[in-house]
Each structure stands twice: as C-alpha cells, then as structure tokens.
Amino acid sequence: MKDFEEQLRPVYPELVRYAHCMAGSVSDGDDLLQESLVRAWRGYSRLKQTEQFKLWVLAIIRNTHRTRSMRNGIRKWVSLDNAAHLEQPEGLAFEEKEVVRLALSRVPRLQREALVLYEVLGMSVKEIADVQHAKLSAVKSRLSRGRAKLRSEYWKLSGKEEDHEFSVA
Amino acid sequence: MNSQSHEPFDNGLNELKHEEPPAFHFERTMAHVRQQAKRRSSMSSKMIRSALAAGAFAIVVIGMLVIPVSYDLEIGSMVTVEFPVTELMTIDFANLMDSMENLVNQNLNTSGSEATLALAFRDVSADDAEALVREFLGSSANEFELTAEPIIERVGGNALAAITGGNIIVGESGMSDEEVEALIASHFFSMGAVVRRVDVNTDNSGQTTIDLEFESLPEDSMTFHIIR
C-alpha cells in the first residue's frame, strides 16, 4: 500500500480533476475516484511498468466510469434543457467551473473524455490517442465536436444567448 | 488544437485545470480505499479459508472411502476353563449366562476325561473376565485350569466402513473352532444381533463350515467377511 500511495500522491490532483469532470459533479467524481482506486490498489501488484502509473489509473477510472454509467443507465442524466433546477438563489452565483463541469456532463462520453484530458489535464493529442486507443484523427474530431457540444450546453446552462461570434477554428 | 478561438467556457475549463483537491482529500480517499481493500481482502480470505476447509473435508471423506485400513481391535476376552469331566456337576450352567455381565457366549467341549469350557466376554478385559469366572466358580476355580486371553479383531475395509461397522473383516489365525465360535457370537452381539447358535466345524481337508442361528437381528444390514 505504501508504494501505491507514493506513486499516487504526485498525480492525485490530476486524477481528481479527471474524475470530477467525467462524473459531472464533485460528489459523484469522488465516488468514481474511490471505486477506481480500490480497483487500482488490488491490481497494483500486476502493474509492470510503474512509469505508466498515471495512464494506468486513468484507464481504470475510465473503465470504472463506463461500467458505472452502464449500471446506472440514464439515472444521472438530468434535463438541462429546462434550466429551472439551476436557478440560483438571489445573490449567489454558480462558479464558472461548476457550470462548465455540468455542461461537460452533457457532452458524449468519448468527446468529453478527450476534452477533459486535453483541456484540463493538458495531455497531448498523441497521449489521448494512446489512452483512448484511437487514431489521432479520431481524437482531433472528438475534440472539435466536443467543444461544439460543450459550447451549446454551456449557453443553455448559463441562460444566455449563444454568441455565434465564437467558433472553433 | 491551439488555434481555436477563446470561448467563454474556456475560463471555466481553465479553472478546472488548476483546481486543487481540498485539504485532506487524499488522506480521506486513501482511508476509504484501505477500508474497502481490507474488507474485500477479509471476504476473500474467508472464502479461501472456507474453500480450503471444504476441500480438506472432501479429501478426508474420499480418503476414508477409498483408503484401505486394517488394525487390531480388542473387543473382549476369552476365558478357557479346563477341568476333569467329573467336575461338571459343580458348575451351575443354568445360571452361567445370567451370573456374569457381558458374557456373550459359552461353549462346552468334552474329550475323554477332560472338559473345556470357553467363555467369551464383550468389552471386558482378560484380567477382569478371569476374575469374574473365578468368582462364579468359587472354590472350584482353584482346582481348574483357567486361561484368559483378549479377543482381538482384525478390522479391515475402508475407514468409513470400519467406523460405521458396515464392512468388517474378522481374522485370527491359530484359533480353535470353539474360539472362533465364541468370537463370531461376540462380534455379532456387538453389532446388535443375538446369536442363538453358532457351530464352526473344520473337516480334514481344511474346509470350514459355519452354521449360524440368530435369536434376533439388528434393523441395519450387516456385512461380514470371516477370514481364518
């Protein structure tokens, strides 16, 4: 357990960000992360390339998230078309990052994953292609379509009119 | 991908990029991981222990079923009383069986002027049986020749059969027909059967004939292999 923790600690913040963004909320992200780390700890003795630790745990989180999504079905999907539930009490405002995190949860899984790895974790397209076992072109496509979807959902959540001046180059 | 325009949500993405977990988040998560791992490990250990115990039990049962065993078992004793036939009248044969506890068989043989009385006891040691016979005979015992020997059964078959009494091999070389009769009667008695009569006769060719007559039989079936 000690070796596992030593490996985990430096990359932990990135894993937290990834889990939170993939799950769509902090609480669900924490649950996802905990479940994934239990699995990772159990399989740690079988990990041969310890320098790949971060990518390995990311893959576990990714698989755990996919399993949980299948298990939970569409339970976590809330209709953001009706933004009434996001009405904020007067004087209080959602943090920008919370709105974006929520908007991200409406982006299709593979696009969301590519976006989070690229925008939040700062990984290269090549690294994302390795994680997703996809071609570079597929990753670029997912990033582009993901940003478009994120933009659409962001405007819906923020209750503003979409500014069509912004566009993906 | 760096050529894309800045969009309003990029500020949020940037915040997420630099978001740090709250204090003690790592410790809290690891505590949960340790707890879950320990619980699953404990469950796994219990399952392994249960499986091992079940496996060991199965091996023991299979072993008992297939591994042949053979061992000596002292089931009682035989007291032989030799005396002149003229002394026959001094023995109270009518009360012989009732007078001595665990006396399961008696056999009297006469040959010329000599008589031999063989008494088989169940679950009584040779010394105790001899003492019982001496007490029964009273003062006459001092005139008679008493010999007390333990009755040894050679129990064979598989261990489970030996334990349940389902398949028992009785063998004792060098025994006379009378001794074998007493042994057989004793053995059946120990199995819950009361023998009314048992005759063992060996002819000149060595062929042995055993005639059995039962007073009562146990409800369970019995299997015997009698080897001489």
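The values are calculated or read from the model by the stated rules, or taken from the named source; none is laboratory data. From a predicted model like this one, the values you see are computed outputs, not experimental measurements. Reconstructed Cβ throughout: ideal geometry from the backbone, glycine too, with neighbour counts over all protein chains shown.
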Segment B:192-207, residues that are modelled with pLDDT under 70 and crowded, with 16+ Cβ neighbours inside 10 Å: B:Ala193
Within segment A:122-147, considering residues that are at the interface with chain B (Cβ under 10 Å from one of its Cβ atoms) and surrounded by fewer than 21 Cβ atoms within 10 Å (Cβ to Cβ), the one nearest to B:Leu13 (Cα to Cα): A:Gly122
Inspect all residues belonging to segment A:96-107 and state whether any of them is surrounded by fewer than 22 Cβ atoms within 10 Å (Cβ to Cβ), more than 14 Å from chain B (Cβ to nearest Cβ) and under 21 Å from A:His65 (Cβ atoms). no
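Within segment A:1-23, track down each residue that is among the charged types (D, E, K, R) and facing chain B (nearest Cβ under 8 Å). Please lay out each step first, then the result.
To start, the set of residues in segment A:1-23 that are among the charged types (D, E, K, R) comprises A:2-3, A:5-6, A:9, A:14, A:17.
Residues satisfying the conditions are A:Glu5, A:Arg9, A:Arg17.
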Give segment A:121-151 a look and list any residue that's at pLDDT below 90 and in a helix (DSSP H, G or I), or say none. A:Asp130, A:Val131, A:Gln132
So, A:Phe166, is that one closer than 27 Å to A:Asp31 by Cα and modelled with pLDDT under 75 or not? no
Do you know which residues across segment B:117-136 are touching a helix residue (DSSP H, G or I) at 6+ places or on another chain (Cβ under 6 Å) and either polar (S, T, N, Q) or part of a helix (DSSP H, G or I) (or both)? B:Arg134, B:Phe136
Is it true that B:Lys46 is of a type in the set (D, E, K, R), at pLDDT 70 or above and either in contact with a Ser or Thr (Cβ under 8 Å, 6 or more places away or on another chain) or more than 28 Å from A:Glu95 (Cβ to Cβ) (or both)? no
Note on segment B:95-116: residues outside any strand (DSSP E or B) and surrounded by 12 or more Cβ atoms within 10 Å (Cβ to Cβ) are B:Leu96, B:Met97, B:Ser99, B:Met100, B:Asn102
